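J.: To start, I am sharing the structure in question, which I have written as structure tokens.
The values are calculated or read from the model by the stated rules, or taken from the named source; none is laboratory data. Remember, predicted model here, so these are calculated numbers, not experimental data. A quick note on method: Cβ atoms are made from the backbone with ideal geometry, for glycine too, and the neighbour counts reach across all protein chains shown.
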Amino acid sequence: MAKMLDTYVNDLRESRLWRSVFRSGTGATNLHRALAVQQNIFLHLFSVKMRRAALNFSVTWYLGTLSLATFLILVATGIPLMLYYHPSVPQAYADMKDLQFVVSAGVFLRNLHRWSAHAMVLLVFAHMFKVFYRGAYRPPREFNWVIGVVLLIITLFLSYTGYLLPWDQLAYWAITVGSNIMSAVPALGKKIRFLMLGGNTVNANALLRFYVLHCVILPLAAILFIGIHFWRIRKDGGLYTGEAKSHE
Amino acid sequence: MSEPKKFEAGLDSDSRKSPVRVAFVTRRTSPHVKAQDDALVMTWPETLFRAAVAIEVLGIALVLLALLWDAPLEELADPMQTPNPAKAPWYFLGLQELLHYFPPVIAGVLIPTMVIVALIVIPYFNINVEAEGVWMRAKQRRLRIVGIVVGVLAALFVVFEVWAILIPTLAVAGFMFLAAASSADSPDRFRRWLVAKPLSFWIMSWFLIQASVLTIIGTFFRGAGWAWVWPWRA
């Protein structure tokens, strides 16, 4: 049975259609494995070979990978949620109720988005501390650490802007508290808050601004900086696996 | 003594005419050079398979979480009705806790800005890059500086009555002084570990402990009017 399945898969991979989609060709040699990475637009940010030591769980705890995983889950759940959501007052709250009682699996969709968002904030923080305590921020990786700090701030803003969207008491007052902190900036505070909220208090304009930030601007910024972050890992010599002592 | 040189150094950009390159490795060597013959594996399938497993495990955990616990949804937002206490999202509750102690300009603007700037500059200070134990050199002078800094901070926190910051600060300082009193060949493993820790380790750990303590207090120990409550008595 297993053998039969194997032949089917092989036949499929040899087919003209498959060959037209995947540039790397068939075969299980290291050349083909290298091509599978290098000839794929999504994978070509990786080098074709990596240090074995970098795969040990203790080196990274896979925290960067897991941060990416939460981001992917958030995109995958966020887009269907957008189909059921109007960023207007009070329709936004009615949409939450619809998700709860009308939409199939609406509650599940919102739950998964919510918990993944919390997990992402937690994982990104954990990733930062792990990188710090291993000393992986040292040259030549210092600029990638800075990109990481930018990604941390983007993550916090993504989570914060999403917090307002349900337009319930929890959302409204959390954002009110947060935006009041911002108005403490000397001289410019009130202006910054006005720019952020589109008014002096949290209102329908604020909801629309947070929606656009949450669904368009910040995700695009996140994707851009994630791309740079990954690219720099490779350019800076791969994942940090500790000092190589035997060669000095 | 002086044998004629068997080679000639030259500059050439034509790889077909002179295919040999000589690389001069300077003091700041790249990790590629240092770790040249580490064992390598193919990214596909070794790395990507492991990454996929990690992503799937997390995905399953989050799906279970989403099936078992519902996301909170309260009443429709009402600007006329302020809940007491009104709390920010959990990752900002440390900040909100700070606002309880310090004026908004300090807690809401100065401290967060300082934290972000401090995070960004970490890799640009050689003292962090070399990561030498803080007490390895100029011990007396450094003891004096750390002593004065800790003393001034502690006095400040006493004046503002910020016990939630004072206690962790003193705890971290205590371990720092324990490290200073330990020797690099102490029989105790923990002490040897402490001695080797650089300044950046102490500051970051202080920040981590402090941020965690304040966030936990803000999340669980604050009730109406931001007064202290015990979560198990609520």
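J.: Looking at (1) among the acidic types (Asp, Glu); (2) touching a residue at least 24 places away in the same chain (Cβ under 8 Å); (3) closer than 30 Å to B:Ile55 by Cβ, find the lone condition where A:Asp168 falls short.
T.: The one condition A:Asp168 does not meet is (3).
J.: Could I ask something else about it? Can you go through B:Val129, B:Val134 and tell me which one is away from every other protein chain (no Cβ under 14 Å), closer than 28 Å to A:Arg141 by Cβ and crowded, with 16+ Cβ neighbours inside 10 Å?
T.: Being away from every other protein chain (no Cβ under 14 Å), closer than 28 Å to A:Arg141 by Cβ and crowded, with 16+ Cβ neighbours inside 10 Å holds for just one of B:Val129, B:Val134, which is B:Val134.
J.: Next up: In the stretch A:46-59, what count of residues is obtained for those that are buried (at least 17 other Cβ atoms within 10 Å of the Cβ) and more than 10 Å from chain B (Cβ to nearest Cβ)?
T.: The number of residues fulfilling the criteria is 1.
J.: Only residues that are among the β-branched types (Val, Ile, Thr) and over 20 Å from B:Glu46 (Cα atoms): list them for the stretch A:10-38, please.
T.: Once the filter is applied, which keeps residues that are among the β-branched types (Val, Ile, Thr) and over 20 Å from B:Glu46 (Cα atoms), the stretch A:10-38 yields only A:Val21.
J.: A further question follows. Please return the ranges of helices (runs of 4 or more DSSP H) entirely within the stretch A:113-204 where 2 or more residues are touching a Pro at 6+ places or on another chain (Cβ under 9 Å).
T.: The qualifying helices (runs of 4 or more DSSP H) are A:142-164, A:169-182.
J.: In the list B:Glu46, B:Glu8, B:Glu74, which residue meets the criterion of being charged (D, E, K, R), at pLDDT below 95 and touching a Leu at 6+ places or on another chain (Cβ under 6 Å)?
T.: Step by step, each of B:Glu46, B:Glu8, B:Glu74 is checked, and only B:Glu74 is charged (D, E, K, R), at pLDDT below 95 and touching a Leu at 6+ places or on another chain (Cβ under 6 Å).
J.: Give me a count of the residues in the stretch B:68-84 that are hydrophobic (A, V, I, L, M, F, W, C) and within 33 Å of the chain's Cα centre (by Cα).
T.: 3
J.: Are any residues in the stretch A:90-112 more than 8 Å from chain B (Cβ to nearest Cβ) and outside any helix (DSSP H, G or I), and if so, which ones?
T.: Passing the criteria: A:Val102, A:Val103, A:Ser104, A:Ala105.
J.: Looking only at residues in the stretch B:92-141 that are among the charged types (D, E, K, R) and modelled with pLDDT of 90 or more, which one is farthest from A:Ser179 (Cα to Cα)?
T.: By that ranking, first place goes to B:Arg141.
J.: Still on this structure, please answer the following. Given (1) more than 8 Å from chain B (Cβ to nearest Cβ); (2) in contact with a helix residue (DSSP H, G or I) (Cβ under 7 Å, 6 or more places away or on another chain), identify the lone condition not met by A:Pro166.
T.: Exception for A:Pro166: condition (1).
J.: Read through the list (1) surrounded by 14 or more Cβ atoms within 10 Å (Cβ to Cβ); (2) more than 26 Å from A:Leu72 (Cα to Cα); (3) at the interface with chain B (Cβ under 8 Å from one of its Cβ atoms), then give the number of the only condition that A:Pro186 fails.
T.: All conditions are met except number (1).
J.: Identify all residues within the stretch B:49-82 that are within 30 Å of A:Gly27 (Cα to Cα) and more than 7 Å from every other protein chain (Cβ to nearest Cβ); write none if there are none.
T.: Correct list: B:Phe49, B:Ala52, B:Val53, B:Glu56, B:Val57.
J.: Need pairs with beta-carbon distance below 9 Å; first residue loosely packed, with under 13 Cβ neighbours inside 10 Å and within the stretch A:1-26, second of a type outside the set (A, V, I, L, M) and assigned to a loop (DSSP other than H, G, I, E, B); sequence gap 6+ or separate chains.
T.: Note: pairs meeting the criteria are A:Asn10/A:Thr26; A:Glu14/A:Thr26; A:Arg23/A:Gln39; A:Arg23/A:Asn40.
J.: Follow-up question, since we're still on this one. Only one of A:Arg209, A:Arg234 is assigned to a helix (DSSP H, G or I), within 11 Å of chain B (Cβ to nearest Cβ) and basic (Lys, Arg); which?
T.: Within the list A:Arg209, A:Arg234, the selection yields A:Arg234.
J.: Sticking with this structure for a sec: For the stretch B:44-135, please list each of the helices (runs of 4 or more DSSP H) lying entirely inside it that holds at least 3 residues being touching a residue at least 24 places away in the same chain (Cβ under 8 Å) and closer than 30 Å to A:Arg110 by Cα.
T.: By residue number, B:93-101.
J.: So for the stretch B:87-108 (the condition being surrounded by 13 or more Cβ atoms within 10 Å (Cβ to Cβ), polar (S, T, N, Q) and over 30 Å from A:Arg141 (Cβ atoms)), does at least one residue qualify?
T.: Scanning the stretch B:87-108, I find at least one residue that is surrounded by 13 or more Cβ atoms within 10 Å (Cβ to Cβ), polar (S, T, N, Q) and over 30 Å from A:Arg141 (Cβ atoms), so the answer is yes.
J.: Identify, from the list A:Tyr172, A:Tyr137, A:Tyr160, the residue that is at the interface with chain B (Cβ under 7 Å from one of its Cβ atoms), surrounded by 22 or more Cβ atoms within 10 Å (Cβ to Cβ) and out of contact with any helix residue (DSSP H, G or I) (no Cβ under 7 Å at 6 or more places or on another chain).
T.: Residue meeting the stated conditions: A:Tyr172.
J.: Condition first: within 14 Å of chain B (Cβ to nearest Cβ), among the hydrophobic types (A, V, I, L, M, F, W, C) and within 28 Å of A:Tyr137 (Cβ to Cβ). Can you find one or more residues in the stretch A:4-22 that meet it?
T.: no
J.: Do we find a residue being touching a residue at least 12 places away in the same chain (Cβ under 8 Å), surrounded by 17 or more Cβ atoms within 10 Å (Cβ to Cβ) and within 17 Å of A:Leu158 (Cα to Cα) anywhere in the stretch A:104-111?
T.: Yes, the stretch A:104-111 has at least one match.
J.: Among the helices (runs of 4 or more DSSP H) confined wholly to the stretch A:1-42, which include 2 or more residues that are in contact with a His (Cβ under 8 Å, 6 or more places away or on another chain)?
T.: A:30-38
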